[in-house]
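Enquirer: After the structure tokens below, expect a handful of questions from me.
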Amino acid sequence: MAEWQQISGGITAPKGYRSTGITAGLKPSGLPDLALIVSDVDAIAAGVFTTSQTRAPVVDYCRERLQEKSSARAILCNAGQANAATGSQGMIDALESAQMIAQALNISSDLVLLASTGVIGQRIKIDRIRSSIPQLVETLSETGSDATAQAIMTTDLVPKTIALETMIGDRPVRIGGIAKGSGMIHPNMATMLSFVTCDAAVSPQLWQQMLSRAADRSFNQITVDGDTSTNDTLIALANGQSRTPAITEMGADAEKLEAMLTEVCIYLAKAIARDGEGATCLIEVQVSGAIDEVSACQVAKTIAGSSLVKAAIFGRDPNWGRISAAAGRAGVPFEQSDLQIKLGDFLMMQNGQPQEFDRSSASNYLKQAAAGAYLQADTVLLSVSIGHGSGSGKAWGCDLSYDYVKINAEYTT
């Protein structure tokens with residue numbers, strides 16, 4: 001039984017946080033596009049960012065801020081313009097937006113973190129942000145999480161939010177999170193954008209370590225299309241407002257907090273994969289029998305990211321040969337005679353040998369998953385064993401549909 005429970009409230013469920021999301025005119029759709037998250041007190045801040053060489057200025061800005069000071073009070077996020085590949089002016093715009101928010105909140109600008117999402121090559125519409133800051137600050141609310149989740153969306157079809165609560169000692173501790181992402185998802189760090197709030201007190205180094213491990217087991221294990229974003233950002237704040245004793249080293253309390261943090265990140269990561277552009281179902285790949293967790297995760301993500309596997313699932317074709325091929329090219333050594341593959345409850349390969357199975361029923365399993373009618377709702381489960389080791393891992397993706405090409409063929413037109 002899990003040591004936590006799901007609660008409402010998203011990123012404002014933990015004590016001491018307010019947030020908002022408004023329409024600033026940054027997106028041509030006229031939908032909300034500017035978000036702000038604020039902690040009432042200085043919070044310990046940790047971040048994981050894209051490893052792309054064409055990083056957006058806001059990514060470099062945040063990395064530099066967190067290297068200098070592991071605390072923050074505010075996160076400003078705009079949607080509509082990625083402010084990536086915008087040259088030196090991109091950093092100037094980022095710095096100005098941080099300074100404007102800091103002035104409006106009456107805090108130091110080095111306590112402001114930034115994120116951007118949208119079209120690469122387009123600068124932030126700084127004038128519209130400037131004129132919207134009074135409304136942004138005025139609408140900050142302890143119940144503002146849903147509005148914030150809406151405001152960071154681009155091609156997302158649904159907002160992504162969760163909050164969990166556990167007990168540490170005799171006091172409740174909460175973690176809330178929101179995320180956005182639908183396309184350009186193959187993170188090599190975190191996700192498109194995700195923000196996590198927590199009201200526990202945690203030492204900076206330990207909080208960063210927890211977040212990095214959580215990212216490796218969640219956001220780094222999802223893929224929609226094999227493309228890593230220029231703006232990938234995962235930021236987590238811990239402000240200590242639960243008034244629980246400070247967690248400074250690994251132990252029972254730290255393990256409980258990290259497990260809950262990882263669960264929040266996995267939930268959001270799966271929500272992103274489920275909402276992949278044009279997707280009709282979520283794919284979960286479970287790999288076991290590997291020499292270690294890293295190897296298992298590598299095989300799982302290779303299978304989840306295979307265009308041929310994804311296309312077969314969209315076509316409701318139980319073509320397990322593509323799963324075998326993807327596992328074989330993952331760069332993890334294993335004996336073919338140890339390979340086992342299952343699609344849902346259908347055993348397709350065992351001990352490296354093809355197995356007889358009902359193809360029509362297996363195809364129906366895929367159809368029912370796409371309709372959300374199967375026992376596991378919209379999830380297609382692929383179970384793969386590659387040996388007798390203790391290493392296991394999971395990855396998540398989605399099918400590859402005609403609509404994915406349509407959405408991305410016409411993205412800027």
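Enquirer: So, by mean Cβ neighbours within 10 angstrom, what's the order for 348-357, 41-50 with the highest one leading?
Expert: Result, highest mean first: 41-50, 348-357.
Enquirer: Same structure again: Among residues other than F195 whose Cβ falls under 12 Å from its Cβ, what is the net charge (Lys/Arg +1, Asp/Glu -1)?
Expert: Once all neighbours under 12 Å are counted, the net charge is +2.
Enquirer: Let me ask you something else. Using only Cα atoms, locate the centre of the range 378-413 and the centre of the range 252-272, then give the distance between them in Å, rounded to an integer.
Expert: 21 Å
Enquirer: Shifting gears a bit: List the GluC sites (Glu not before Pro) in the range 211-293 that DSSP assigns to loop (not H, G, I, E or B) and whose Cβ has at most 10 other Cβ atoms within 10 Å. Which are they?
Expert: Loop-located and lightly packed - E249.
Enquirer: Roughly how far apart, in whole Å, are the Cα centres of the range 296-342 and the range 24-60?
Expert: 35 Å
Enquirer: Where does the chain land on Rg/Rh, using Cα atoms and the Kirkwood Rh?
Expert: In the chain, Rg relative to Rh is 0.99.
Enquirer: Another question, if that's okay. On C-alpha positions alone, give me the angle between the axis of helix 204-216 and the longest principal axis of the chain, in degrees, nearest 10.
Expert: Its long axis makes an angle of about 40 degrees.
Enquirer: Which order do peptides 92-98, 230-236, 60-66 fall in by mean Cβ count within 10 Å, highest first?
Expert: 230-236, 92-98, 60-66
Enquirer: Write out the trypsin sites (Lys or Arg not before Pro) in the range 275-363 meeting two conditions: DSSP loop, and at most 15 other Cβ atoms within 10 Å of their Cβ.
Expert: Sites meeting the loop and neighbour criteria: R329.
Enquirer: Rounded to the nearest 5, what is the percent of antiparallel bridges among the DSSP beta bridges in the chain?
Expert: The antiparallel fraction comes to roughly 70 percent.
Values quoted throughout were computed directly from the atomic coordinates according to the rules given, and no laboratory measurement underlies them. All figures in this text were calculated on a predicted structure; none of them were measured in a lab. Please note: Cβ atoms are built from the backbone with ideal geometry, for glycine as well, and neighbour counts cover all protein chains shown.
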